[in-house]
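The values are calculated or read from the model by the stated rules, or taken from the named source; none is laboratory data. The structure presented is a predicted model; accordingly, all values stated were derived computationally and were not measured. As a convention, Cβ positions derive from the backbone with ideal geometry for all residues, glycine included, and neighbour counts pool all protein chains shown.
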């Protein structure tokens with residue numbers, strides 16, 4: 001055999017050994033992944049190692065407790081009658097109860113452009129395509145009472161009618177009673193000129209004068225109603241309007257909206273952008289703007305309308321698991337920023353846009369047969385955080401992992417870590433070391449997973465999918481981990497989230 005031929009055969013044997021080794025490593029990785037609490041066979045993750053991430057918390061200065069009724073939903077005012085019809089049929093009551101007490105907000109663009117109040121003294125105006133009346137409010141009260149959710153109601157300001165607004169507010173208080181959380185005057189009034197509701201120039205001073213007229217009219221027939229505002233289109237508008245609103249109007253609640261991606265943005269919205277570190281940085285700045293006015297004025301702030309992409313959402317983004325990952329992180333961040341609550345905008349008739357739950361056909365919509373969308377799982381994961389106290393959290397890593405961690409001091413002691421790994425499939429995930437201190441001994445991991453970020457089905461929380469009537473059948477699977485040397489170590493796969501609850505030592509004994 002020639003030397004060249006011998007070398008060729010040697011290279012062939014070496015290549016075969018490499019191939020066998022690669023196959024064995026792949027099989028081992030598959031076995032490890034399939035045994036993970038996250039339950040997804042993310043085969044692309046075999047190619048990269050998890051990035052080390054160290055998390056430490058400052059337990060000495062916890063923030064204020066996350067208030068009850070923090071979680072909420074928001075709907076167009078034009079859908080109030082339909083939503084109220086579900087008080088005695090369909091799945092809505094069960095879905096709401098599964099989250100605990102919350103807030104239903106009715107507003108949106110239709111509050112100013114399409115819906116008018118009508119009663120014996122108030123005929124339907126020519127501009128209105130639908131009306132709201134006493135019968136709608138009575139059904140809404142039944143829904144609120146059965147679900148234990150209160151109502152934040154928007155009264156239109158674009159069509160300037162203070163006396164009509166006063167009659168509507170008085171009726172709402174009379175019918176809803178203790179279920180009325182408050183009334184907002186106008187929806188995104190900072191945008192009125194852009195939508196041709198007011199001529200330019202349109203400023204806060206003009207808005208303030210009109211709202212004062214509304215307040216006087218409402219106080220004359222229904223004194224003491226809690227008013228909220230300004231309900232602006234985002235934090236940029238709030239920086240201009242919020243301080244004056246807090247100082248001059250002294251609302252019972254400050255409100256504003258947030259959409260991380262715009263429907264008309266260039267380049268077009270994408271999952272990558274929704275889950276990017278840049279989006280999170282922008283949201284941190286946005287929440288800081290809201291928080292600064294709230295703290296300076298000692299008036300609570302609520303994000304009364306939010307979701308992934310404005311203008312009703314974007315198919316392939318808003319109805320996917322990516323929206324659930326984004327929502328988990330944003331809810332936790334809003335809690336950490338001291339917000340008093342958050343309302344996710346939805347349209348139960350549109351399963352392709354943003355909506356935590358929806359009906360898949362007109363027939364199912366009429367029956368109230370609603371099913372959970374991926375985003376609903378974010379609400380389920382974060383419901384147990386209510387009552388916790390946010391803690392300052394520091395993340396360090398020698399590499400780069402697109403991971404977000406928020407920490408709360410739990411009501412019964414212990415810590416709750418909300419972890420969102422936003423890297424795409426194929427990344428290695430994050431190998432986290434949670435520094436919990438010596439007094440904590442045991443941790444449980446509740447995983448939120450799906451086949452991929454763009455999955456529209458197959459979402460699981462603790463290994464379970466939401467079934468009929470909003471139920472999670474069976475006990476949720478939670479992996480148990482022991483803390484060693486004051487550290488809880490776990491690896492979170494890419495495109496997944498987890499709630500890690502670390503119990504105090506005394507809990508481990510009982």
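The figures follow:
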item	result
Selection count, the range 264-295, where residues are closer than 25 Å to residue 231 by Cβ and either touching a strand residue (DSSP E or B) at 6+ places or on another chain (Cβ under 6 Å) or buried (at least 16 other Cβ atoms within 10 Å of the Cβ) (or both)	12
Residue list for the range 252-264, restricted to those being farther than 24 Å from residue 495 by Cα and more than 16 Å from the chain's Cα centre (by Cα)	252, 253, 254, 264
Selected residue (only one of 246, 288, 217 is in the same structural domain as residue 347 (by TED's automatic domain parsing), farther than 29 Å from residue 172 by Cα, assigned to a helix (DSSP H, G or I) and in contact (Cβ under 8 Å) with a residue 40 or more places away in the chain)	288
Flag if residue 409 is under 18 Å from residue 456 (Cα atoms), in contact (Cβ under 8 Å) with a residue 60 or more places away in the chain and either in contact with a helix residue (DSSP H, G or I) (Cβ under 6 Å, 6 or more places away or on another chain) or surrounded by fewer than 20 Cβ atoms within 10 Å (Cβ to Cβ) (or both)	no
Residue identified as on the phi > 0 side of the Ramachandran plot, in contact (Cβ under 8 Å) with a residue 24 or more places away in the chain and either touching a helix residue (DSSP H, G or I) at 6+ places or on another chain (Cβ under 9 Å) or not in a strand (DSSP E or B) (or both) among 387, 399	387
Test: residue in the range 439-455 that is over 25 Å from residue 353 (Cβ atoms) and under 20 Å from the mean Cα position of the chain (by Cα)	yes
Flag if residue 110 is under 23 Å from the mean Cα position of the chain (by Cα) and either farther than 17 Å from residue 86 by Cβ or outside the structural domain of residue 356 (by TED's automatic domain parsing) (or both)	yes
Yes/no for residue 61 being on the phi > 0 side of the Ramachandran plot and out of contact with any helix residue (DSSP H, G or I) (no Cβ under 9 Å at 6 or more places or on another chain)	no
Among the candidates 180, 176, residue that is modelled with pLDDT of 95 or more, within 17 Å of residue 106 (Cβ to Cβ) and surrounded by fewer than 22 Cβ atoms within 10 Å (Cβ to Cβ)	176
Selection count, the range 415-432, where residues are touching a helix residue (DSSP H, G or I) at 6+ places or on another chain (Cβ under 7 Å), in a loop (DSSP other than H, G, I, E, B) and surrounded by fewer than 24 Cβ atoms within 10 Å (Cβ to Cβ)	2
